[in-house]
Amino acid sequence: MKHKKTYYSIELASQDREFIVEGPVTTDAFKSYDFDKGLVAFRPPKQQQQALLKVTELPESRLIIARENNIIIGYATFLYPDPLERWSEVQLDNLLELGAIEVSANFRGYNIAKNLLKVAMMDDAMEDYIIITTEYYWHWDLKTTGLSVWEYRDIMEKVMNSGGLEWYATDDPEICSHPANCLMARIGKRVHPDAVHEFDRVRFKHKYMI
């Protein structure tokens, strides 16, 4: 499958701050920006910046960023599922995983996450893909936000809904290990029924649950 990528950007203005949400960004463009120190959810900022640089070099990947001037304050990545995950077992070349979405703690409250997904879905090529994300409560920033598991789950679901992702049932053991965990997905308008069938097959490995 040829991975077509069309660049989009929007401007966000809030009180005395202005942001650019754009992507998919190229490797060269990403190199030209600095990384906000509040982006610490997955790794120390410098390490995560290097990891994302490698993501931009993958042919199928999409990296959407939010920035204030030349400082990246948030991002969302789309790429093939990890080979060790069950979602890669179907080997669909049009199944991408929302691998990470993060907004710096210094810039929360500006609807950055929702707009990252909105910009990602502005590209008509996304109608050729099944986009999935797996949400696990142990990855959520409950301590800093002070939210309960269910309050955070509600926010995450609304963020994902803004990108057209909806809740999907599955018998995946990790997701089923806690009721707050969930699988969400967006099936593009041009995705072939055969691909949807394969996606359904990997969602449920126990036929009695279909």
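Where a number appears in this text, it was derived from the coordinates with a stated rule and is not lab data. This one's a predicted model, so the numbers in the text were calculated from it and none came from an experiment. With ideal geometry, Cβ positions are generated from the backbone for all residues, glycine too; neighbour counts draw on all protein chains shown.
A compact table of results
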| read-out | value |
| --- | --- |
| Proximal lysines to K37, defined as alpha-carbon separation beneath 22 angstrom and excluding residues fewer than eight positions away on the same chain | K46, K54, K114, K143 |
| Estimated distance in nm for a label pair at S177 and Y7, the labels positioned 7 Å out from Cα along Cα-to-Cβ | 4.1 nm |
| Distance between region 58-87 and region 1-53 - C-alpha centres, whole angstrom | 8 Å |
| Principal-axis tilt of helix 149-162 within the chain, Cα atoms, nearest 10 degrees | 90 degrees |
| Fewest-first ranking of R43, R203, using other Cβ atoms within 10 Å as the exposure measure | R43, R203 |
